[in-house]
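J.: What follows is a structure written as structure tokens; I'll ask about it next.
The values are calculated or read from the model by the stated rules, or taken from the named source; none is laboratory data. Source: prediction; values computed, not measured. Using ideal geometry, Cβ is built from the backbone for each residue, glycine included, and neighbour counts are taken over all protein chains shown. Areas reflect the complete protein model, heavy atoms only, side chains present, ligands, DNA and RNA absent. Shrake-Rupley method; radii C 1.70, N 1.55, O 1.52, S 1.80 Å.
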Amino acid sequence: LPLWSAERSNLAGVQHVLLVLSGKGGVGKSTVATELALALRVAGKRVGILDVDLCGPSIPRMFRVQESAVHQCDSGWVPVFAHQDKSISLMSIGFLLEKPDDAVVWRGPKKNALIKQFVSDVAWGELDFLIVDTPPGTSDEHISTVEALRPHKPLGAILVTTPQAVSVGDVRRELTFCKKTGLRVLGIVENMSGFVCPHCSECTNIFSKGGGEELAKHAGVPFLGSVPLDPQLSQSLEDGRDFIQEFPKSSAFPALAHIAQQILDGTSPRSS
Amino acid sequence: SSSSRDEVLRDKRAQIMSRGLPKQKPIEGVKQVLVLASGKGGVGKSTAAVNIALALAANDSTKEVGLLDADIYGPSIPKMMNLKGNPELTPKNLMRPLKNYGIACMSMGFLIEETAPVVWRGLMVMSAVEKLLRQVDWGQLDYLVIDMPPGTGDVQLSVSQNVPIAGAVIISTPQDIALLDARKGAEMFRKVHVPVLGLVQNMSVFQCPKCKHETHIFGADGVRDLAKSLELDILGDIPLHVNIRETSDSGQPVVISQPQSDA
């Protein structure tokens, strides 16, 4: 066996790697990554989240573990566990900063070096899914992440967009990025799709509607679902709570659960 | 003595360092540069940049305003200003900015196809930003509004180090997640000695058009608390309104098309 191989690396125990991408910022990548992880956990899977957004790491806060620190072990860094039962493990630059407010103002090469370390030096152990949450755009972080993950054959990428035209335009570019880098697109999620007034139940399409679904049809990739604007979802992410377990009746729940189910169906042993 | 030797060493190190750092050079013809940043993506920088540029021009018709879209990876300005096409070149080989509603605009979006991603590493991005700043025939501008990309990386550093900036405005939505990043954005400007003029709270509240019930979808007043803790002013509070998105999508910014609306 060669000195380094995918079989012996820290990712050897990870069954499926999937990336959450978007050309546009603020569409809900971290939100979708978090909720997907929580839903997969309810289905009995062991999940890890790798947050490669070095400038704006949101993941630690969404699990209320922003004060945690990272420890070393023989095989490298130990990920931070979000719950007692160690069902969700996290790694983010947020854990490595001295103060949570510290700004990471780095140029490309330094970011690339850290991302390579995140991929190869974190002792993930046995995981069913590793979800990689990315920053917006198609820059250093994305190139480095895809290159570093290539030997581990990622399952594919979920693209998140909001329905409006400026977002869809950026995500169209991201689709081309995936094609160029040979990354399979598992599907498109249309987030912030409509808002139902809690008072009168009138639905207003604040950020428009249907843009993501149309893009999926046009590009020939699966459409995974539309997630509506849900103040309970925003609040639960602010507080670091488990939206999937605590708010199953909330308006965003059915869409999020459906997305998780499609991922599970796509990776069950029956399908090839 | 050892302390004077230390001092000599320190001075020598400072001298060597300052030789390597890029020098700030103002852009020809541009009086004041205003930067719109946030740290977080999707909070409304481009929307605000477009409407602020237009409002500056509308407030004082004698002022010339330019708009630079420094978001290389996700340029939104062309769509919002309803502009398309490759810029022409002047005899001096400078790019001519595209104009609409009286604002001169330049963006990466004019130089690439709509579906083409810009998959570049930092160094190429820096040189692209340099070109968008200096290889453009801006003419005589009173204000140049620069719409920054999300994050605190290469582009923000390049712009702050190369161009003297009159002031930066930081935009955020009320959520904690966005405020965390806004705080980092403010700290970044502090590190590179750019004055922060204040914060803008966007997407603060949504009023149901049917029953007028107000919902704080993304939380409430988070930006006010951050402004207080950073000792900055709140420059504005923008509500969520369907009109803003509708007019942005169709390329008719709300300041121009619906000046009497709440936004």
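J.: Hey, among B:Ser204, B:Ser158, which residue is of a type in the set (S, T, N, Q), within 14 Å of another protein chain (Cβ to nearest Cβ) and under 30 Å from A:Pro198 (Cβ atoms)? So that I can check it myself, show each step before the final result.
T.: Working: B:Ser158 fails: under 30 Å from A:Pro198 (Cβ atoms).
Every option except B:Ser204 fails the conditions.
J.: Right, here's the next one. Take A:Thr181 and tell me if it is closer than 30 Å to B:Gly109 by Cα and either free of Cβ contacts under 8 Å to residues at least 60 places away in the same chain or open to solvent by 10 Å² or more (accessible area, probe 1.4 Å) (or both).
T.: Details: closer than 30 Å to B:Gly109 by Cα: yes; either free of Cβ contacts under 8 Å to residues at least 60 places away in the same chain or open to solvent by 10 Å² or more (accessible area, probe 1.4 Å) (or both): yes.
Yes.
J.: Would you call B:Lys99 within 14 Å of another protein chain (Cβ to nearest Cβ), open to solvent by 40 Å² or more (accessible area, probe 1.4 Å) and either free of Cβ contacts under 8 Å to residues at least 40 places away in the same chain or of a type in the set (A, V, I, L, M) (or both)? I'd like the intermediate steps shown before the answer.
T.: Numbers: within 14 Å of another protein chain (Cβ to nearest Cβ): no; open to solvent by 40 Å² or more (accessible area, probe 1.4 Å): yes; either free of Cβ contacts under 8 Å to residues at least 40 places away in the same chain or of a type in the set (A, V, I, L, M) (or both): yes.
In short, no.
J.: Which count do you get for residues in the range A:147-163 that are open to solvent by less than 30 Å² (accessible area, probe 1.4 Å) and either at pLDDT below 90 or out of contact with any Leu (no Cβ under 6 Å at 6 or more places or on another chain) (or both)? Give the steps one after another, and end with the answer.
T.: Going through the range A:147-163, the residues open to solvent by less than 30 Å² (accessible area, probe 1.4 Å) turn out to be A:148-149, A:156-163.
From what's left, either at pLDDT below 90 or out of contact with any Leu (no Cβ under 6 Å at 6 or more places or on another chain) (or both): A:148-149, A:160-163.
Of the residues in the range A:147-163, 6 are open to solvent by less than 30 Å² (accessible area, probe 1.4 Å) and either at pLDDT below 90 or out of contact with any Leu (no Cβ under 6 Å at 6 or more places or on another chain) (or both).
J.: Based on this model, can you work out whether A:Gly225 counts as at pLDDT below 90, open to solvent by less than 70 Å² (accessible area, probe 1.4 Å) and within 24 Å of A:Asp128 (Cα to Cα)?
T.: So A:Gly225 fails the test.
J.: Here's a check for you: in the range B:165-183, which residue that is out of contact with any strand residue (DSSP E or B) (no Cβ under 7 Å at 6 or more places or on another chain) and in a helix (DSSP H, G or I) is farthest from B:Gly42 (Cα to Cα)? Steps first, answer last, please.
T.: Applying the first criterion (out of contact with any strand residue (DSSP E or B) (no Cβ under 7 Å at 6 or more places or on another chain)) to the range B:165-183 yields B:173, B:175-177, B:180-181, B:183.
In the following step, the residues that additionally are in a helix (DSSP H, G or I) were identified as B:176-177, B:180-181, B:183.
Details: B:Asp176: 14, B:Ile177: 12, B:Leu180: 14, B:Asp181: 12, B:Arg183: 16 Å.
Here the residue is B:Arg183.
J.: Something else now. When the residues of the range A:110-142 are narrowed to those that are among the acidic types (Asp, Glu) and over 20 Å from A:Asp242 (Cβ atoms), which ends up farthest from the other protein chains (Cβ to nearest Cβ)? Can you show your working first?
T.: Going residue by residue through the range A:110-142, those that are among the acidic types (Asp, Glu) are A:121, A:126, A:128, A:133, A:140-141.
This time we only want the ones that are over 20 Å from A:Asp242 (Cβ atoms), so: A:121, A:126, A:140-141.
Numbers: A:Asp121: 22, A:Glu126: 30, A:Asp140: 5, A:Glu141: 9 Å.
For the range A:110-142, the residue satisfying everything is A:Glu126.
J.: Same structure, new question: Before we move on, is B:Ala116 of a type in the set (Gly, Ala, Ser) and either open to solvent by less than 10 Å² (accessible area, probe 1.4 Å) or modelled with pLDDT of 85 or more (or both)? Don't jump to the end; show me each part of the working.
T.: Numbers: of a type in the set (Gly, Ala, Ser): yes; either open to solvent by less than 10 Å² (accessible area, probe 1.4 Å) or modelled with pLDDT of 85 or more (or both): no.
When the stated conditions are applied, B:Ala116 does not pass them.
J.: Go through (1) away from chain A (no Cβ under 11 Å); (2) open to solvent by less than 10 Å² (accessible area, probe 1.4 Å); (3) free of Cβ contacts under 8 Å to residues at least 60 places away in the same chain; (4) within 16 Å of the chain's Cα centre (by Cα) and name the single condition B:Gly153 misses.
T.: If we test B:Gly153 against (1) away from chain A (no Cβ under 11 Å); (2) open to solvent by less than 10 Å² (accessible area, probe 1.4 Å); (3) free of Cβ contacts under 8 Å to residues at least 60 places away in the same chain; (4) within 16 Å of the chain's Cα centre (by Cα), just (1) comes out false.
J.: Looking at (1) more than 30 Å from A:Ser201 (Cβ to Cβ); (2) surrounded by fewer than 17 Cβ atoms within 10 Å (Cβ to Cβ), which one does B:Glu214 not meet, given that it meets all the others?
T.: B:Glu214 satisfies all of (1) more than 30 Å from A:Ser201 (Cβ to Cβ); (2) surrounded by fewer than 17 Cβ atoms within 10 Å (Cβ to Cβ) except (1).
J.: Still on this structure, I have one more. Spot the failing condition for A:Ser193; the list is (1) buried (at least 22 other Cβ atoms within 10 Å of the Cβ); (2) under 27 Å from B:Lys212 (Cβ atoms); (3) facing chain B (nearest Cβ under 9 Å); (4) touching a residue at least 24 places away in the same chain (Cβ under 8 Å), and only one is missed.
T.: (3)
J.: Which of the following residues is of a type outside the set (Val, Ile, Thr), within 23 Å of A:Gln261 (Cβ to Cβ) and over 18 Å from the mean Cα position of the chain (by Cα): A:Gly212, A:Gly182, A:Gly187, A:Gly220?
T.: Details: A:Gly212 fails: over 18 Å from the mean Cα position of the chain (by Cα); A:Gly182 fails: within 23 Å of A:Gln261 (Cβ to Cβ); A:Gly187 fails: over 18 Å from the mean Cα position of the chain (by Cα).
Every option except A:Gly220 fails the conditions.
J.: Check off (1) closer than 27 Å to A:Cys55 by Cα; (2) out of contact with any Leu (no Cβ under 8 Å at 6 or more places or on another chain) for B:Gly222 and give me the number that stays unchecked.
T.: Failing condition for B:Gly222: (2).
J.: Tally time: how many residues in the range A:73-109 are within 14 Å of another protein chain (Cβ to nearest Cβ) and part of a loop (DSSP other than H, G, I, E, B)?
T.: 11
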